[in-house]
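First the structure, in the form of structure tokens, and then the observations on it.
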Amino acid sequence: MKKKVIVIGAGISGLATAYWINKSGYDVKVLETNSQAGGAMQSNRENEYLLDLGPNSGLETTPLIKQLVNETGISDEMIYANEAGNKRYILRNNDLHELPTKPIPFIQTKLFSLKGKLRIFGEPFFGKSKDGYYQSISQFVSRRLGQEFLDYAINPFVSGVFAGDPDKLSVKSAFPKLYRLEELYGGLVKGMFKGAKERKRNAEKSKQTAKMFSFKNGMQTLPNAISASLGENVIYNISDIKISKNGIKYKVDYSVNGENISEECDSVLSTVPAYIVSKYFSSFDNNLEKILKDVYHPPVMILYLGYKKEQIKRKLDGFGYLIPTKEKKNYLGAIWSSVIFQNRAPEGDEAFTIFIGGAQAPHLFDSPKEELINNVITEFAHLMKIEGEPKFVRNKFWAKAIPQYNLGYIEIEKYCDQFEENNPGLFISGNFRGGISVGDCVKNSELVYEKIKKYLEA
Ligand SMILES: Cc1cc2nc3c(=O)[nH]c(=O)nc-3n(C[C@H](O)[C@H](O)[C@H](O)COP(=O)(O)OP(=O)(O)OC[C@H]3O[C@@H](n4cnc5c(N)ncnc54)[C@H](O)[C@@H]3O)c2cc1C
């Protein structure tokens, strides 16, 4: 009898882990409440515009992404960002400044003052800090690089990745690699040089150098392809999952299309969001709910705008821009989607993806949605020198978007480790453990698979 694993959730975390389990010869079944694969990775095409409702791209930080793409037969679908996408802008004083990545442009940029630049050069002279888990990103960055770098580089960057608040996110939980540079090498500059050698040995790319990818028909192509490769082992539209112990095995009861099903398995992996896990696992640990319900997922709205090329008077020569909180706008930034990837807008049009809300501005959603959208369109059009109304407007509201690895998050991580130790055969994964990006979820899927395999083989 082959050993069997039931995976709950068909987002990228669940599907990628199920893929490795299936590949190594175990039985695997994925149970998903939704009618489609992908979780946060959802893509639609409407009026020839491509809408990525969740992630608009990923960074190829691990060779596992390419492996999944090749083995599921979608290598022809994968696309990489245009060269122009390397140029990123930051808003300061109502002007877009290119984020400098090389020494000469850094010296010349007006994004930072002379004082701010000199402060950044002082970075190697600041020693190590004590505890990264209880240190916010703001504390870490302002100590090492100064307040101005925090406000005009890191603050918008944190909005772009986590839709988060740098005063609240834990530097070691949210950006472990950044903190590790200080921990291991004593500083960020020293660490960046020495860390590059280590990454080369591990065949991993840093987020600064990894290639940005997507697919001709959007990010959902990847989970769809993994799901297709697993065939009937992925079951959609399920409800009422109940997990109970059955000797050394587990029993999973669920309903699908009105039919009640009961399956026995050796191991259960949950990959659903943090605030849902305890729904299944709290009968095994009644503290789990209390611990996981506090993981904050701020609301985020994605707004898509389409314009005729001739309406746009500003040159589109980059990835888009991010907005520091200090600039006090109604949105976090905008991605020039049709500049970065082919196939995003009809011939003659340009498509933009705009982010609104996040941990620093959840209050924006207290006002009527239409009013907020109109305000954002006005601010965006003014900055981009756009004439006239957008010809295409869509939005997607995520009430609980991205888990925030805030101060003290280590306690949540430790609790999940302890839960798995106390309940052999039950595993917890998903974007609230080990990184929120698509790349991190894929990287993590292999680590979770290794843990499950070790358990099954013990
Ligand atoms: C708006 C937005 C923009 C983002 N942008 C980027 C980006 O540009 N680049 C990037 O790398 N990352 C980005 N991310 C982050 C990244 O997309 C996610 O962290 C990642 O896709 C999460 O995958 P997951 O499988 O862990 O969780 P999810 O995608 O949330 O999957 C969980 C699955 O569990 C299912 N589920 C829920 N409840 C149950 C239940 N009771 N029973 C069974 N199944 C259930 C859900 O339907 C879902 O399919 C973004 C996220 C959001 C929300």
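Each value in this text was obtained by applying a stated rule to the coordinates, not by laboratory testing. These numbers come from a predicted model, not from an experiment. Glycine also receives a Cβ, built like all others from the backbone with ideal geometry; neighbour counts cover every protein chain displayed.
What to note about this one:
- Rounded to whole Å, sorted largest first: equivalent-ellipsoid semi-axes of segment 46-196, Cα gyration tensor: 31, 21, 16
- For segment 245-261, Karplus couplings with θ = phi - 60° (6.51, -1.76, 1.60), whole Hz, Gly/Pro x: 8, 9, x, 8, 9, 10, 10, 10, 9, 7, 10, 9, 6, x, 9, 8, 10
- The mean sequence distance of close C-alpha pairs (under 8 Å, at least 6 residues apart), as a share of the length of the chain, puts its relative contact order at 25 percent.
- The ellipsoid that matches the Cα gyration tensor of segment 110-242 has semi-axes, each √(5λ) in whole angstrom, of 37, 18, 17, with the longest given first.
- Measuring against 26 Å, Cα to Cα, the residue pairs LYS3/LYS242; LYS110/LYS309; LYS3/LYS290; LYS326/LYS443; LYS87/LYS110 contain LYS110/LYS309; LYS3/LYS290; LYS326/LYS443 as the ones spanning a longer distance.
- Antiparallel DSSP beta bridges within segment 1-140, as percent of all bridges there, nearest 5: 55
- Packing-based exposure ordering (other Cβ within 10 Å, fewest first) of ARG119, ARG180, ARG344: ARG180, ARG119, ARG344
- A simple rule links phi to the HN-Hα coupling: the Karplus curve 6.51 cos²θ - 1.76 cosθ + 1.60 with θ = phi - 60°, which for segment 332-343 gives 8, x, 9, 10, 8, 3, 6, 7, 6, 10, 5, 6 Hz, with x for Gly and Pro.
- Cα pair distances of the chain binned at 20 Å [whole percent]: 23, 56, 20, 1
- Share of pairwise Cα-Cα distances greater than 25 Å in segment 254-366 is 53 percent (whole percent).
- The HN-Hα couplings worked out from phi for segment 183-188 by the Karplus form 6.51 cos²θ - 1.76 cosθ + 1.60 (θ = phi - 60°) are 4, 8, 10, x, x, 6 Hz, whole numbers, x standing for Gly and Pro.
- Cross-link reach list, aspartates and glutamates versus LYS211, counting only Cα pairs under 17 Å and skipping chain neighbours closer than eight places: GLU60, ASP76, GLU77, GLU83, ASP440
- FRET efficiency, 1/(1 + (r/R0)^6) with R0 30 Å, evaluated for GLU264 and TYR236 via beta carbons: 0.90
- Of all DSSP beta bridges confined to the chain, the antiparallel ones make up roughly 75%.
- For THR101 and LYS315, the difference between the fully extended length at 0.36 nm per residue and the C-alpha to C-alpha distance is 75.0 nm.
- Spin-label model, LYS308/VAL161: points 7 Å from Cα along the beta carbon direction are separated by 4.1 nm.
- Cα pair distances in segment 345-458, grouped into 5 Å bins until the bin that holds the longest one, percent each: 2, 8, 14, 15, 13, 10, 10, 9, 8, 6, 4, 2, 0, 0
- One chain, two ends: ILE410 and LYS369. Fully extended at 0.36 nm per residue, the span grows by 11.2 nm beyond their Cα-Cα distance.
- Remark: the ASN93-SER283 segment gains 63.0 nm on full extension, using 0.36 nm per residue and subtracting the alpha carbon distance.
- Members of LYS29/LYS251; LYS4/LYS245; LYS369/LYS396; LYS4/LYS454; LYS313/LYS369 lying beyond 19 Å, as alpha-carbon distances in this model show: LYS313/LYS369
- Here the ratio of the Cα radius of gyration of segment 125-197 to 2.2 N^0.38 Å is 1.03.
- Interchain or long-range residues, amide H under 5 Å from SER43's placed H: LEU53, GLN220
- For segment 246-332, the relative contact order comes to 14 percent (Cα pairs under 8 Å, sequence separation of at least 6).
- Cut-off 14 Å between beta-carbons: net charge of the residues surrounding ALA40, Lys and Arg +1, Asp and Glu -1: -1
- Spin-label pair GLN418/ALA458, simplified geometry with 7 Å Cα→Cβ offset, distance in nm: 1.8
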